[in-house]
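Peer 1: Questions regarding the structure given below will be posed in turn.
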2 protein chains.
Amino acid sequence: MLGGRFGPGERILLREVAAELGISLTPVRDAVNRLIAEHVLERGSSGQGGGAVVPRMDVVRFDELLTIRCDLEGRAAARAAERCASGDLGVLDELLAEMKALIRDQNLNVYLDLHRRFHFELYALARMPILEGLIENIWLRCGPVLTYVIPDYVLLEKGSDLHTAALSALRAGDADAAATAIRQDIREAGRYIVGLADAAGLIENPAVSHRPQAHAAS
Amino acid sequence: MLGGRFGPGERILLREVAAELGISLTPVRDAVNRLIAEHVLERGSSGQGGGAVVPRMDVVRFDELLTIRCDLEGRAAARAAERCASGDLGVLDELLAEMKALIRDQNLNVYLDLHRRFHFELYALARMPILEGLIENIWLRCGPVLTYVIPDYVLLEKGSDLHTAALSALRAGDADAAATAIRQDIREAGRYIVGLADAAGLIENPAVSHRPQAHAAS
DNA sequence: CGCCTTCGATCGTTATAACAAACAACGAAG
DNA sequence: CTTCGTTGTTTGTTATAACGATCGAAGGCG
């Protein structure tokens, strides 16, 4: 259900999903309400036009999410550098090596999975479970844009370098360097994503869009 | 329902609350599930011992919450300093003056209300609604400890000074100073709260508690 | 006397039907 | 032709009953 099956602005109807899954309204409503509580979905107005919708994204909102990610994940990386033992880094080494191979092969889907695992394995070393939950939530809230951009996503070497830098910082126990690397990684990828999504017209950019916002009105 | 009616570890039974409010199970279940999704409550194991419980707090957990607060609210303060106009600060001036008067009078309850309003009025100036929501959530998750400590809370002048410093930084447009003041405020209050709660045995401190943890087993 | 099984009570979950709100389409009056 | 009221449909919400899982206590067996 979270596999990007719904795009931004798309309505999700309880009875529809319930029928599709062959279950009653109640569990579907529970699940949707939970996602709404986590701000992964938004509540559409009741009545005929009701239903839950995946929130529309615009550049200022996406930039705010990116800023929060920098703070949260920068903190997690710094704390990980302070707390990790050298034995903890084996998994990250393997992950990074696999990721580099996948970049050469331009294998997108499995790369993205490993990319996610790399980040969260790293953050897990910080031993801050509450922070980890918050980061996971922000990733979910960034999700809708990403799933749309993915088909056009081109694998970059630059991100890989920043991952390497972060891992080196962890090995050196350098908290500041780890935080900086992660923050740069987030900003770098963010700029790239915004460029792609804006060009595809998927992110609403009411102020400074390079095209007349004909679709923004709907 | 959020007025601190339940203490850490206390079970909340759906049928009980439903009967008390004279309504059906469903809306109660919805509300509780939402609070669980927001991590304000935790799910007790099903069956006879089921029910929702307010999460127990310990020092490492509380410290993690404080660290996150420093990052989030520090960012909000910095951004507020960058974005606020001088005309926006009138409300904060009035709030601060009232707060100082209430400290002299040792009027606790209304002080805490104004204290909260001061912080969130300040963060609102950052115009980062997503960040604001996250901060609100973290405050809620800190709530259980605070409501227990409040009766013994003694109003400090120090916090007031840090609030003044933050406001001055906003007026000067100094982002770093604003963030620093807010972070110090959080750490200062945090240290004080931990001291009170630990002395009262309300926070579990398994490792370095100054007393034998007789109550921790229950 | 101790341990394992079994039964019963408790409590969250699911299903189903009735309810309420809200939007859209239609029709009548101006 | 426009505008306002009405009606019908759609969709989330609430109530109620049946279900399933789990924990504790009682009773039988070693």
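Peer 1: Determine, yes or no, whether A:I68 is near DNA strand D (Cβ under 9 Å from one of its atoms) and either within 14 Å of another protein chain (Cβ to nearest Cβ) or of a type in the set (K, R) (or both). Working first, answer last.
Peer 2: Values: near DNA strand D (Cβ under 9 Å from one of its atoms): no; either within 14 Å of another protein chain (Cβ to nearest Cβ) or of a type in the set (K, R) (or both): yes.
So A:I68 does not fit the description; no.
Peer 1: Restricting attention to region B:166-191, report how many residues are surrounded by fewer than 19 Cβ atoms within 10 Å (Cβ to Cβ) and of a type in the set (A, V, I, L, M, F, W, C).
Peer 2: Number of matching residues: 2.
Peer 1: Looking at region B:120-137, which of the residues that are part of a helix (DSSP H, G or I) and crowded, with 19+ Cβ neighbours inside 10 Å is farthest from the other protein chains (Cβ to nearest Cβ)?
Peer 2: As a first pass, look at region B:120-137 and keep what is part of a helix (DSSP H, G or I): B:120-124, B:129-137.
Checking which are crowded, with 19+ Cβ neighbours inside 10 Å leaves us with B:122-123, B:131, B:134-135.
Numbers: B:L122: 17, B:Y123: 13, B:L131: 6, B:L134: 7, B:I135: 10 Å.
That would be B:L122.
Peer 1: Considering A:G7, A:G87, A:G74, which residue is among the small types (G, A, S), away from DNA strand D (no atom under 15 Å from the Cβ) and free of Cβ contacts under 8 Å to residues at least 12 places away in the same chain? Before the answer, list the steps.
Peer 2: On the way: A:G7 fails: free of Cβ contacts under 8 Å to residues at least 12 places away in the same chain; A:G74 fails: free of Cβ contacts under 8 Å to residues at least 12 places away in the same chain.
Of the residues listed, the single one that is among the small types (G, A, S), away from DNA strand D (no atom under 15 Å from the Cβ) and free of Cβ contacts under 8 Å to residues at least 12 places away in the same chain is A:G87.
Peer 1: I've got another one for you. Would you tally the residues in region A:26-51 being within 11 Å of DNA strand D (Cβ to nearest atom), surrounded by 13 or more Cβ atoms within 10 Å (Cβ to Cβ), within 14 Å of another protein chain (Cβ to nearest Cβ) and not charged (D, E, K, R)?
Peer 2: 5
Each value in this text was obtained by applying a stated rule to the coordinates, not by laboratory testing. Quick caveat, the model's predicted, so the values are computed rather than measured. We place every Cβ from the backbone using ideal geometry, glycine too, and count neighbours over all the protein chains shown.
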